[in-house]
Amino acid sequence: MNELRKDYILDRWVIIAANRGKRPDQFRKTEIEPDNPGKCFFCPKKEDLTPQEISRVEENGHWVIRVIPNKYVAVDRTGDPKIKTDNIFFTYASAYGSHEVIIETDIHSQQMQDFTVDHMKKVFGVYKKRIKELYKDENIRYVSVFKNVGCAAGASVKHSHAQVIAYNYVPTTIREMTEKSDRHINDFGKCPYCHMMETENKSDRTVEQSISFLSFTPYASRFPFEVWIFPMRHVSSIEELNEEELTDLACHMQKRIRSLMTLGDISYNLEIFSYKKNMDNFHFHITLTPRISKWAGFEMSTGTIINIMPPETAAEFYRKN
């Protein structure tokens, strides 16, 4: 039977349409997206083709991770960052902020599923450093770190990379998370995501629980094989994770992506939800959202998503692969 389900705390609804779905192996993708390594400007010896480097991680005398400004920025540090309204309808500000690219490896053929745990940890360490640095600007209200992998997820470059957009606005989703969390804390005395994990770590949506992290497929999954990774300890920012927790996070991420890639060259988005440190009403987490299905007219007109893969089935897939 199909079910209408609501997100744990957000006013976000999905229809889990199991009777329209497929077995996990029927989602397998056999075609491989085209690539042209010879024209990749993220590769070594092409450094002069990119904007001036912000920072790098080196091993044995050469870089293995680079941070550069995005050549085609969505935001920059010019203009007036203050949001204002001149009349009832027109609210605006300069698109103020910083738009960066994190080139995650010096090896063009490597994708995240190929990284060692140690290299994955280094990548998360760079995310952590950039978030910390960008929040020093008092005009930056939120720092978004995300990966687009594959054409269906919006990637235009094959070489493994993430993007950082730090800007002068707190996104609607983040505001709703904190506002709903405040209400939950007032009603129940604890962070809703800490509360939710007490249930999910015993459910059939659990993928893996380690000492520091819980991976699970969310109850109201919007995408087939969507999986979330939450620290068991309440932290609101990746900045608060210690070395052991970063290692554990890298292990979870490596396993989840390697499982997903057993289905083929799957496009996905990776979203880092990290806010400022020591916030009671925000819980740091990462979402992995494969882009196997497309949203159509119903989703666009109603905001209600139809997902043909029950999260319970997706969790079983991750546990087995």
task = Identify the residue in the stretch 256-268 that is under 16 Å from the mean Cα position of the chain (by Cα) and either hydrophobic (A, V, I, L, M, F, W, C) or buried (at least 20 other Cβ atoms within 10 Å of the Cβ) (or both) and, among all such residues, is farthest from residue 157 (Cα to Cα).
result = 256
Odd one out for residue 60 among (1) under 19 Å from residue 105 (Cβ atoms); (2) in contact with an Asp or Glu (Cβ under 9 Å, 6 or more places away or on another chain); (3) without any contact (Cβ under 8 Å) to a residue 40 or more places away in the chain; (4) not aliphatic (A, V, I, L, M) = (2)
remark   = Per the filter on the stretch 104-132, residues touching a strand residue (DSSP E or B) at 6+ places or on another chain (Cβ under 9 Å) and of a type in the set (Asp, Glu) are 104, 106
inquiry  = Within the stretch 167-177, does at least one residue satisfy the condition of being within 15 Å of the chain's Cα centre (by Cα), part of a helix (DSSP H, G or I) and among the hydroxyl-bearing types (Ser, Thr, Tyr)?
reply    = yes
ask   = Given 236, 181, 160, which one is of a type outside the set (A, V, I, L, M, F, W, C), crowded, with 20+ Cβ neighbours inside 10 Å and more than 17 Å from the chain's Cα centre (by Cα)?
value = 181
inquiry  = Can you tell me which residue is farthest from residue 303 (Cα to Cα) among those in the stretch 1-34 that are acidic (Asp, Glu) and at pLDDT 90 or above?
reply    = 3
note = When restricted to 269, 201, 186, the only residue free of Cβ contacts under 8 Å to residues at least 12 places away in the same chain and of a type in the set (S, T, N, Q) is 186
task = Sort through 175, 205 and tell me the only one that's under 29 Å from residue 79 (Cα atoms) and basic (Lys, Arg).
result = 175
task = Would you be able to say whether some residue in the stretch 76-96 is surrounded by 13 or more Cβ atoms within 10 Å (Cβ to Cβ) and under 27 Å from residue 266 (Cβ atoms)?
result = no
inquiry  = Tell me whether the stretch 36-51 contains one or more residues that are in contact (Cβ under 8 Å) with a residue 12 or more places away in the chain, assigned to a strand (DSSP E or B), closer than 22 Å to residue 146 by Cβ and under 26 Å from the mean Cα position of the chain (by Cα).
reply    = no
query = All but one of (1) of a type outside the set (A, V, I, L, M); (2) farther than 21 Å from residue 317 by Cα; (3) surrounded by fewer than 21 Cβ atoms within 10 Å (Cβ to Cβ) hold for residue 193; which doesn't?
reply = (3)
request  = Scan the stretch 109-143 residue by residue and report those that are surrounded by 19 or more Cβ atoms within 10 Å (Cβ to Cβ) and of a type in the set (Ser, Thr, Tyr).
outcome  = 127, 135, 142
ask   = Which of (1) more than 20 Å from residue 76 (Cβ to Cβ); (2) in contact with a strand residue (DSSP E or B) (Cβ under 7 Å, 6 or more places away or on another chain); (3) surrounded by fewer than 19 Cβ atoms within 10 Å (Cβ to Cβ) is the odd one out, the single condition residue 148 does not satisfy?
value = (3)
ask   = Is one or more of the residues making up the stretch 207-227 aromatic (Phe, Trp, Tyr), under 25 Å from residue 295 (Cβ atoms) and surrounded by fewer than 22 Cβ atoms within 10 Å (Cβ to Cβ)?
value = yes
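Which of the residues belonging to the stretch 139-157 are closer than 25 Å to residue 242 by Cα and either over 15 Å from the mean Cα position of the chain (by Cα) or free of Cβ contacts under 8 Å to residues at least 40 places away in the same chain (or both)? Spell out the reasoning first.
Start the filter on the stretch 139-157 by keeping residues that are closer than 25 Å to residue 242 by Cα, which leaves 140-147.
Scanning the stretch 139-157 gives 140, 141.
The values are calculated or read from the model by the stated rules, or taken from the named source; none is laboratory data. Worth saying up front: this structure is predicted, and the values here are computed from it rather than measured. Cβ: placed from backbone, ideal geometry, glycine included. Neighbour counts: every protein chain shown.
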